[in-house]
Structure formats: structure tokens, C-alpha cells
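I have placed the structure first, in the form of C-alpha cells, so that the comments after it can refer back to it.
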Amino acid sequence: MKTFDLKYVGHDAVRIDGLEKITGSAKYVDDIDLGPATLYASILRSPYAHANIKKIDTSKAEAVEGVYAVVTGKDFPYRYGLYLKDNYVFPLDRVRYYGQHVAAVIAVTQEIADEAAKLIEIEYEPLPVLQNPLDSIKEDAPLIHPDLGNYEVVPWLYPQPGTNIAHVRKIRKGNVEEAFKEADFILEDWYLVPHVVHAPIETHVSAALYTPDGRLTMWNSSQSPHTQRNIIAHSFNLKHKDVRVIAPYVGGGFGGKAGVNMEVVAAACAMKVPGHPVKIRYTRKEEFYDTSMRQELHAFIKIGVKKDGTIVALKHQLYWDVGASAEYGSNVVNATGFSAIGPYRIPNVWIDSFAIYTNRPPCGAYRGFGYSEFHFGIESHMDRVAKAIGMDPVEFRKKNAIQEGDTVAYGVKMGPTGIKQCIEEVAKAIEWGTPSEQPKEPNKVRAKGFAAVWKAPAMPANESSAAFIKFNEDGSINILVSGMELGQGFLTAMAKIAAEELSLPLEKIRVELPDTDRNPYEWQTVASHVTWSCGNAVRRAAIDAKEQILNTISEAYYIEKTNLYLEDGKVKSYTKPDFEIPFEKFVIDGVQMEDGTFRGGPILGKGMFMPEFTSAKVNPETGQGGHPNVHYTTGAGAVEIEIDTETGRIKVLKMAEAFDAGKAINPDIVKQQITGGFVQGLGTALYEEVKFSEDGRILNPNFTDYKLPTALDVPREMHPIIVEVPQPDGPFGARGIAEHTMIPVMPAVANAVENALGIRIKNPPITSEKIIKALLESKK
Amino acid sequence: MESKEIKFKLNGKIVRTEVKPYDKLLEVLRDKLGVKSPKYGCGRGECGACSVLLDGKTVRSCLIYAVEVDGHEIVSLEGLQANGLTELQKSFLKHNSFQCGFCAPGMVIQVTELLRENPHPDEEEIREYISGNLCRCTGYNPIVDAVLDVIKNK
Ligand code: FES
Ligand code: FES
């Protein structure tokens, strides 16, 4: 039998969405015109971070000519949420964060809507504002959700009624207290990672049309069209078949467009004005205030080691500020609780991961899903511990790196991993061990810093993906999936997986963006899991289509199926070298037989994937007994930096990052994920932090005061490295790497700073100001 | 407020449209004239996603009022590629320079201006020139590489 080399998978190619994007033809939600019946909404926002709503009077606004409707909490008195139903479509009797949407005016023009919104009269009674999770968990703290005990919640989260704790994930493995007694060295300390925003360049946009027949159609900038359909159908008492979510291209998501947030506002508005589309495009300021942000983390870490560098115990307590709602963020807290050991073999583990309410904007998924935040502490600690016992930090990591067959914190065996190769490759690329060449200027110092990471996709145990492959008359195909192209190269990856199975050139493949009416189910495009999960579904759909093709040809030409194969869009035979039937000859019309009848018909492949070995059922007191994660992707990163000791400014000169992608479907795109994710991580390491006033306002809700990295701020020398230790259940061995790429950056930079100046910064971003202050402090 | 009719050249054709004194060029292009390549990213001149050429110079269309372009010429990405992909676009395509693609139209406009003013910029000049165009996805280096490649092949 003929053997085949991979022709598409593992080879570089131009992105299949490249031409659309480079010509400006790619449509994003705001590019869709919905016609002259479209109405405009203006949203009135809370001027308090925490207050009771005593009265809302909308009569003056309603009386304005051109106003169609005013929406407030009483119109849709529903709570919603992905994991914990603690969020309100519009608040009923209490606002919980500054800038929360309280009412919306829908009018014939934006100007009229804005003017009328000013006429809404609301009486508030201010309540004490909580802005620090450590204050929120004090005995006498005012409750942000007094009704927490009545909220609907998935069975694997544990809200603590009567407190501000929305969930706690505990891990108990071995005996940490005993192990600490046997340790030769123990280090304990606190780390603080602040709120940051996703800042996709496209803000949230949602358009909705509700028609009198009970049909709701939405166009959303979304990572989660099916999840949105599900939540919205439940929230508004609609049938799923009647809710249609169309998701065109997304101008960046990074987790911020996962689940549901302002889309419920658009849906509520549309339902008040049947027959009129309503489009809401958030301003950049609204994007900061009322979408979601990354959670703040206060982490206590205690690690014990033996003299030879063996880690014996870890105690890790994570106090997460989830903001005013934990509907999605509670799962960040949960997922990190299971994994907050980092990529290491640690026999004795104690983890408490708390989701704590404050009066800050709701937080949720953010690229890395909490792993960036806890790795900051863990990887800072690893360097500090290694140095304290006189070991090289890279050697120390290699010695303790988790290997296939080791048990993770919740007792399950670790799968195949390339962590050691990743550490070695990065060490080589950054020339670890060779001291940085120091510049001539006396005020400039150079040094290197290192970090290792891991991350598992955080998902419900039964997350799933499905795919259809439809053949067309000319032998080309349309692949229908509901994974989302966020820029990560999803469409190209799916096309290549199908191309490989069907031996069909990429030019003959289109992959369609989600439309919940037409495209089959996908849970969400999050967790860096779609290459793996949806990739498996597409592969199965392609195999299904291939079976149909082979059956048709075998039956029509009387050739054993096992003697047939596909090549370059044709069916060929091992036994008859001249035999070749191009797909276009039969994939729709079938094959005509001698008697004039036909065999076959339209080829339509379907595929589904759901992991069947995962379970969220664990002992709540120990975290043991289940199988919450499907697999871990591991990696490492390092930087070489230069610090100006006069200004405190840090320049990153060089970076190297390696990840174990299992199999890179498109190596070029994987490498670009690494460089792009690194730079997003660089922002959080050096500049990014949402600042709040005492009354809970955001002080920097724009790109002047909240600085993103620019083309001038990135290292000129970047080494993205792919390691491939196959994932047994991944398509062609692939696993995801997209989120992981930003995780090493904060700790690697902090470690480099210590190597350069001997100062340890424990709260990113590592701004010039912090460097100068620490230098002055160290000279005292 | 009173509307006023303005007349200007848009991507090679004369257009007339009624605008209010406070209408921004970005909204007029997108909502009234159907030119969708300039994107809204910040509305404050901070991100560059809305960039177009005004008499050959890049401007942030979210910052200028539509009345200001009366009698002038505006070129957006739609106009640049009227005769097919430019060399710059081809190079961006070849290098897979964009991910989500939202910054792409503004970036193409910005670099087009650069290459007209200075056909052989060095790497640092390119970075400086695009430092007002934010991209949250790529880390910029694939964009810079594509520009360097066009210059090399000139
Ligand atoms: S939208 Fe104009 S610069 Fe950002
Ligand atoms: S490609 Fe997404 S913002 Fe540049």
C-alpha cells in the first residue's frame, strides 16, 4: 500500500482569510448595514460603584419625539450567567460597579437617544464601596450579592452565601505541613497582579432584530455564538430554534468576547422595538467599563525545597478580585485552582483559590485564563528559591519539570509533554549561561530572565465541537463549523486538516464563519482548544465524506474500497494506475451506470468530537477524584532586557519562547501566535494596569493613559520556537498554544530585573517609577 | 443643527453628501457613503484604525469633521487598490502580516504614505512611522518584515 507524507499539515501557507483582510473586504459586525428601520440606543450608566436604586423615572425621556422605547431592569427582570447566574440584564434595585448600564433609550437617531437619556431621573442611595478582595472577605464586609444563596449555579462551583465569596476551589494532595518540616529551605511571599483589559482594536458590537413572529436574530462580535444563543434563549424565554446568532469576523477577542456581556443589552433593546434592528457599538471608554477585564490576583505562595533542589511542598492561596459578577470569572478561579502548581512535579500541595466580589467591573476570561496571573508568582518564586539554594534557575526548573506519568495536583497522570525540550530550546536561543554583554553607558545594565509555564484548556467536561463538509459541483468544499476566526488562524487550520484527509488543494476549500442556524454546534472559541477539539470534528467529517466517496466509486466501478485512495482532488486506485476520477465528476450528481441509472449523490460529511474521559466531579474539600482537564500544553520563555538606571526604563532586546504544539498545523502561524502573544504579555509586564479612583471610577479608560505596546516597544530580535511531542488524541497530534504565549512574559521580565539590579518587583507592571523607587529604596 | 452639503473626491470619484457640523469623517464615510475599510477603534486619534489619506497625507478620520474635507480628496484602502493589489498589500499577504485584520486597512494606508515620502526607510524609521497604529494581535514584527521585503524588492 502507498504511504503518504503530510502534504498540507505542517507546511506553511498563506492564510485563507488573508486576501479578505488585506483588501478591507472582511466584514466585521459594524460593517453590516441593517437598513433604514435601524434604531440607535444610548445607554445610561451608573455614577456610583455601589448603590441602591430607589426610583427610576423615564417619563420625560419617553416623551421626546423620535424616542421609541426606554428599557430598564423591570422590563427584563432576569439574571443570567455562564456558570453562576449572578448578572442582571439591567440591574433591578442595586448597581454594583461604576459605569454599569442602568437604562437604555432607543431612538431614531443617536443624537436623540443621547439627549433623551439625559432626561431619565434616577434616585440612588450610595452604599460602601469594596475595591480590594482582601477587604471583601473580612467578617463585617457589606455583602455585594446578599442573595447569593438563591442564585442558580453549575454543580461544580461552591458559592458561600452570606459572604462575598462566589466560589472556592481547594486542592489537598499529600501533607504540606509535614513536608515543610522536612524542607531544607522555605520561601513565602505575596504577589499582586492588577486588572488589565483585553483591548481588542475592535470594541464590542452587537446588533439585534426581534420580529413579531418571535424570532431574534443577532450579529455579534463574538467568540461564542452558540453559548450566546443558549444564554439569550434562556434569559429571554425564547426557543433556541428561534434565536439566530451570526458571527462575522472578530477584530480581536482575547477572551473578552467569550460568553455573553453587552449582547444581552442589545437583545433587550431589540425586543422592545419589534421589527427594528438595533445596533450598539461600544465606545472605547465603554469597552473599559462594561465588558469584562482580567481579574486582579493577590497570591500567597510558600514553597519548600531540599538542598538538592527537589521541591517538596507548595502552599498557594489565590484571592481573586472577580469584580461585581463571577458569572464567567468563577471558572477562571476554578481552573487555576486545579493547576496553580505550575509545570512541576510537587508531591505535597495545598491550594485555595477564592473568587471574591468587589465593586469593580465584572471580570472574566482573558487570554491565559488566570494562568498568566498565578505564573507571575510561581515563576518569580522559582527563581528566588533556586538562587537561595545556589542552583541555576534553569537547572532548577529542569530538575522539577513535570514529566509524562507524574501526577498533577488533582491526582491524574500527566500526559506526553515537551517541557524539557522547551526549556532547553529557550535556554539555547537566549544563550542562558553566557552573561549579557554590558553596554558602555554606565547607567545601562543588561540581564536575562527565564520562566516555564503550562496551561490546560478550561472547559466544562462535556464541551464539544461539530462540523459539516459539503461538496460542491466543481469538487470544492464548504466546511461549516462554529469555531471562530479571532485572528489565530483557525480557518486555515481547519482547511488544512480537511485538505489532508481529502487530499484536496487549499484553493478548493472555504471555511464558513458561524451562523447558529446553519453551522453545527461549537461550545466556544476559548481555552486554546479549537485546533484540537474542532480540528478533531473536521477531521472526522472529512473521513466521513471520504468514506462516502470511496463507497460511491467502489460500487459504481466495481473496485474494492481498499484498493482506492484520494489524491489531489481525484479518486485513484492502487491496482489500476490509469484509473482516476476527479471529484467534480460525481460528488453532487453521482456516477452514471451503463443502464443509465446513477449511483451516489451529494457528498455531505459530518463529524463530532467530545472528550469522553473528563469529569468535573471531584471532592470539594480535596479536589481529588475527577478528571477536570483534557491535557496540558507546556512551554518556556526568556527575555534579555536593558534597564536605564537613570530613568528606570526597561527595553526588551531579545526574546525566546518555545511551546509544545504537539503538531503545528501551520508552523508560520504558530510562530506568529508566539510573537503576538509575547507582545501582549509585554504590555502587562511593563505598562498595563487599570487604575481606579477611590469611588471606583476608572482613571485611564483610553489608549493615552492606558498604554499598549507599539511597534517601537517590541524586541527587535524574537525567537519563536515550536516543539512537537504529539498529543495522542489531537488532530495529527496537535494541541493549542495561543493563550500560553503571553504567560511567561511577566515573570521572565521580573526575573531579568532582579538579575540586572538585585531588586525584586512583586507587582507588575514593572514601570519606570517602580524601578526608580526600588533603586532608591535599595540605596537606603 | 443645520446640515450642509459637501463635495469632495472620494477614491477617484466626486461625491456630494449632506453632513451636520459635528459629523466626523469616519462616520460619514462608513454610514453615509458605504466606505467600510476605515474602522472605529478609539474615536480619539489613538489607534490609527480609521486612517485615510487626505490630499495624500494620512489623517485619523475619527478626529476630523466631515465639513473639513469639502473640496479636498480622500483616498481609503478601497481607492488604493482600485487597480489591483499594491505591492505592499501583496507583501503583507505573503507574510501573513495580520491576524484579526482589524488594524490592517489603517496600517496599509499609513505605510503607503511612508513609502511615498521615503521609498527606502530603514527598520527604525518604519517602526517610528507606524507607532501610532496599534495592533493587538501580531506583535508588529510580521508587519515590519513585510514592509522591509517590499523595499528590498523595489
Ligand atoms: S478610531 Fe481613529 S484613531 Fe482610533
Ligand atoms: S491584526 Fe488584530 S489588531 Fe492588528
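The values are calculated or read from the model by the stated rules, or taken from the named source; none is laboratory data. Computed from a predicted structure; not experimentally measured. Reconstructed Cβ throughout: ideal geometry from the backbone, glycine too, with neighbour counts over all protein chains shown. Just so you know, the surface numbers come from the protein's heavy atoms only, side chains and all, with ligands and any DNA or RNA stripped out. Shrake-Rupley method; radii C 1.70, N 1.55, O 1.52, S 1.80 Å.
Based on the Cα atoms of segment A:250-396, what semi-axes does the equivalent ellipsoid have, where each is the square root of 5 times one gyration tensor eigenvalue, given in whole Å with the largest first?
41, 14, 11
Given the -39500 (n - 2.57) contribution per DSSP H run of 4+ residues, what per-residue ellipticity at 222 nm results for chain B, rounded to the nearest 500 deg cm²/dmol?
Values: 5 runs with 45 residues, N = 154.
The helix contribution divided over chain B gives -8000 deg cm²/dmol.
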Task: Dipole of the protein assembly as shown, positive direction: furthest Cα of A:Ile280, A:Val89, B:Ile151, with charges on the beta-carbon - done: A:Val89
- [ ] Average the reciprocal distances over every distinct pair of alpha-carbons in the protein assembly as shown, invert the result, and give the Kirkwood radius in Å.
- [x] 29.0 Å
- [ ] Could you pull the accessible area for A:His381 with a 1.4 Å probe, rounded to 10 Å²?
- [x] 0 Å²
- [ ] Kindly compute the accessible surface that chains A and B hide from a 1.4 Å probe when together, both sides summed, and give it to the nearest 100 Å².
- [x] 4000 Å²
Task: Accessible area (Å², 1.4 Å probe, nearest 10) - B:Asp23 - done: 30 Å²
- [ ] Pop the C-beta distance of A:Thr622 and A:Lys181 into the FRET formula with R0 = 30 Å and round what comes out to the nearest 0.05.
- [x] 0.90
TODO: Check segment A:509-636 and count each lysine pair with an alpha-carbon distance under 14 angstrom, considering only pairs eight or more places apart or from different chains.
DONE: 8
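Taking the Cα centre of segment A:585-663 as origin and charging only Cβ (+1 Lys, Arg; -1 Asp, Glu), how large is the dipole, in debye to the nearest 20?
Values: 8 positive and 11 negative charges, 44 e Å.
The calculated dipole for segment A:585-663 is roughly 220 debye.
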Task: Estimated distance in nm for a label pair at A:Lys7 and A:Thr283, the labels positioned 7 Å out from Cα along Cα-to-Cβ - done: 5.5 nm
- [ ] Mind checking which aspartates and glutamates have their Cα closer than 13 Å to the Cα of A:Lys707? Skip sequence neighbours fewer than 8 apart in that chain.
- [x] A:Glu688, A:Glu689, B:Glu46
Task: segment A:512-657: translational diffusion in µm²/s, Stokes-Einstein, Kirkwood Rh over Cα pairs, 25 °C, 0.890 mPa s - done: 118 µm²/s
Task: Most positive-pole-ward Cα, B:Val15, A:Ala207, A:Pro731, against dipole of the protein assembly as shown from beta carbon charges - done: A:Pro731
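Taking 32 Å as the cut-off for C-alpha to C-alpha distance, list the pairs among A:Lys21/A:Lys762; A:Lys7/B:Lys36; A:Lys654/B:Lys94 that go past it. Intermediate results must be reported in sequence, preceding the final value.
Details: A:Lys21/A:Lys762 40 Å; A:Lys7/B:Lys36 37 Å; A:Lys654/B:Lys94 25 Å.
Where the Cα-Cα span goes over 32 Å, the pairs concerned are A:Lys21/A:Lys762; A:Lys7/B:Lys36.
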- [ ] Using only the Cα atoms, work out Rg/Rh for chain B, with Rh taken as the Kirkwood radius, to two decimals.
- [x] 0.99
Open item on the list: Which order do you get for A:Trp219, A:Trp350, A:Trp532 if you rank them by accessible area with a 1.4 Å probe, largest at the top?
Closed with: A:Trp350, A:Trp219, A:Trp532
Open item on the list: 7 Å from Cα along Cα→Cβ at both A:Ser59 and B:Lys152: what's the point-to-point distance in nm?
Closed with: 7.3 nm
Task: Largest-first ordering by accessible area, 1.4 Å probe, given options B:Tyr40, A:Tyr521 - done: A:Tyr521, B:Tyr40
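Mean residue ellipticity at 222 nm from the helices of chain A, using -39,500 (n - 2.57) per DSSP H segment of n ≥ 4 over the full residue count, to the nearest 500 deg cm²/dmol?
Numbers: 17 runs with 189 residues, N = 780.
Rounded to the nearest 500, it is -7500 deg cm²/dmol.
What fraction of the DSSP beta bridges in segment A:467-622 is antiparallel, stated in percent and rounded to the nearest 5?
Numbers: 17 of 21 bridges.
Within segment A:467-622, antiparallel bridges account for around 80 percent of the total.
Can you compute the FRET efficiency between A:Lys306 and B:Asp122 using 1/(1 + (r/R0)^6), with r the Cβ-Cβ distance and R0 = 51 Å? Round to the nearest 0.05. Display every interim value, and only then the final one.
Values: r = 53 Å, r/R0 = 1.04.
Approximately 0.45, to the nearest 0.05.
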- [ ] Go through A:Asp660, A:Asp392 and list them by solvent-accessible area, largest first, probe radius 1.4 Å.
- [x] A:Asp392, A:Asp660
Task: Positive-end extreme of charge dipole, chain A - chosen from A:Ala104, A:Ala541, A:Leu157 (charges on Cβ) - done: A:Leu157
Task: Counting DSSP beta bridges with both ends in segment A:238-384, the antiparallel % (nearest 5) - done: 50 percent
Task: Candidate aspartates and glutamates for bridging to A:Lys272, where Cα separation is under 16 Å - those fewer than 8 sequence places away on the same chain excluded - done: A:Glu62, A:Asp75, A:Asp213, A:Glu263
Task: Count, lysine Cα pairs under 29 Å in segment A:339-495, 8 or more residues apart or across chains - done: 27
Task: A:Glu20/A:Asp589 FRET efficiency (R0 45 Å; Cβ-Cβ; nearest 0.05) - done: 0.90
- [ ] Give, as ranges by residue number, the residues of segment A:579-593 whose backbone N falls under 11 Å from the point 7 Å along Cα→Cβ of A:Lys561.
- [x] none
TODO: With all protein chains present, calculate the accessible area of A:Thr358 using a 1.4 Å probe and round the result to the nearest 10 Å².
DONE: 0 Å²
Task: Too-long pairs where the Cα-Cα distance tops 28 Å, listed order kept, from A:Lys279/B:Lys24; A:Lys279/B:Lys4; A:Lys496/B:Lys32 - done: A:Lys496/B:Lys32
Task: Reduced Cα scattering model of segment A:251-327, Debye log10 I(q)/I(0), q = 0.20 Å⁻¹ - done: -0.99
